[in-house]
Amino acid sequence: MSELETIRRFEEACLTREIRDDPSALGALLTEGLVEVGSSGRIWTRREILERLPNEAPFEFELLDFATERLGESVILATYSCVLMRDGNANHTRRSSVWVFAQDRWRMHFHQGTPCGPLLSRPEYPVNETDLEALVALTRRTYTAAFGASLDPEDLASHLDETLTFSAFERAIAKDLFVFEREGDDIVGFAQIGEVEIDTAKTKRPAQQGDVELRRLYVAPEYQRSGIGMRVLSNALNLSLVREADAIYLDVWTKNENAKRLYLRSGFAEIGSTSFATASGEASDPDLILVRTRS
Ligand SMILES: CC(C)(COP(=O)(O)OP(=O)(O)OC[C@H]1O[C@@H](n2cnc3c(N)ncnc32)[C@H](O)[C@@H]1OP(=O)(O)O)[C@@H](O)C(=O)NCCC(=O)NCCS
């Protein structure tokens with residue numbers, strides 16, 4: 001197991017009910033001098049944490065953007081974003097922890113969490129109307145910049161007016177999972193994941209129950225080529241819903257070389273093709289169907 005996986009597993013363990021309810025198991029993951037700066041700014045000591053956590057209300061969580069950096073022979077910095085769902089409320093934070101190697105194992109020595117805007121969307125991780133409007137505007141702008149020149153103007157207009165609308169995204173937000181990348185308060189990229197809707201019956205690997213589809217991966221034109229696309233994709237692939245699926249599908253326009261390179265680099269492989277229908281008929285270039293399987 002890599003260093004990153006080990007530390008990620010420990011961070012996740014610290015968030016599970018099983019470990020939080022068991023002071024000796026949790027204590028084994030913390031140094032004697034552990035300090036936590038909570039999201040309110042309050043400072044918690046190890047003893048206070050071991051007393052507080054068993055009495056907490058249960059919650060679900062999802063980690064995003066997990067990264068580690070070795071700061072010394074026995075010191076690792078872990079940074080990530082976290083969506084925590086409790087009593088119907090979503091709490092989004094950016095977190096960091098310092099792990100030190102002490103008494104034969106990695107132990108958390110410092111932890112901090114800062115509240116931030118929504119990182120994930122679906123009914124239980126609500127997104128406000130301003131975010132939804134920004135998401136639609138970003139999608140329409142990015143779609144036009146990427147594909148506008150290759151489409152008949154009427155086909156472009158009808159795609160914008162019929163598919164990339166506020167109400168279509170309201171419905172999508174209710175059923176699919178969205179991962180956001182933000183710059184300050186602005187959404188600059190996102191991925192959308194849901195049940196498989198692509199027709200995969202004639203491909204080399206037809207979809208099965210529980211498989212998922214990456215429906216969109218968009219980065220605002222002015223933010224492209226700076227690593228955001230890869231980061232959003234890897235956050236999407238790291239969602240528990242996706243990690244638990246046997247396969248994740250997507251379709252990509254044959255001529256979309258930028259996206260194809262990103263997907264092939266991330267373990268996707270081509271398994272078939274499908275025609276892409278525009279308002280005025282069938283597009284001349286097909287879409288490729290790609291899949292990334294767990295095995
Ligand atoms: C496809 C898309 C999501 C990629 O997003 P992105 O943010 O540009 O992706 P990345 O920055 O991670 O990678 C893109 C390239 O920039 C390079 N890059 C990344 N960081 C870089 C940096 N700091 N400096 C220079 N180049 C960089 C990557 O190596 C990659 O190079 P490659 O094209 O030669 O393989 C984006 O182009 C997009 O939104 N396109 C329109 C919508 C679309 O086509 N979506 C996919 C539909 S299936």
message: Kindly evaluate R215 against the criterion of being outside any loop (DSSP other than H, G, I, E, B), in contact with a Leu (Cβ under 9 Å, 6 or more places away or on another chain) and within 11 Å of the ligand (Cβ to nearest atom).
response: yes
task: Would you check if there is a residue in the range 212-221 being acidic (D, E) and without any contact (Cβ under 8 Å) to a residue 24 or more places away in the chain?
output: no
- line: The residue that is farthest from C14 (Cα to Cα), considering only those in the range 80-123 that are in contact with a Phe, Trp or Tyr (Cβ under 9 Å, 6 or more places away or on another chain) and hydroxyl-bearing (S, T, Y), is S121
message: Quick test for you: out of R94, R47, pick the one residue that is buried (at least 16 other Cβ atoms within 10 Å of the Cβ) and outside the structural domain of R182 (by TED's automatic domain parsing).
response: R94
query: If E197 passes every condition in (1) assigned to a loop (DSSP other than H, G, I, E, B); (2) among the acidic types (D, E); (3) surrounded by 13 or more Cβ atoms within 10 Å (Cβ to Cβ) but one, which one does it miss?
result: (3)
query: Which one of the conditions (1) part of a helix (DSSP H, G or I); (2) more than 7 Å from the ligand (Cβ to nearest atom); (3) not aromatic (F, W, Y) does K255 fail to meet, given that it meets all the rest?
result: (1)
message: So for the range 100-107 (the condition being within 29 Å of Y223 (Cβ to Cβ) and surrounded by fewer than 16 Cβ atoms within 10 Å (Cβ to Cβ)), does at least one residue qualify?
response: no
message: Looking only at the range 129-182, count every residue that is within 22 Å of the chain's Cα centre (by Cα) and exposed (fewer than 12 other Cβ atoms within 10 Å of the Cβ) and tell me the total.
response: 5
message: What's the number of the only condition in (1) surrounded by 15 or more Cβ atoms within 10 Å (Cβ to Cβ); (2) in contact (Cβ under 8 Å) with a residue 60 or more places away in the chain that S280 fails to meet?
response: (1)
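The values are calculated or read from the model by the stated rules, or taken from the named source; none is laboratory data. Only a predicted model underlies this, so the values are computations on that prediction, with no experimental measurement involved. All Cβ positions, even for glycine, are placed from backbone atoms using ideal geometry, and neighbour counts span all protein chains on display.
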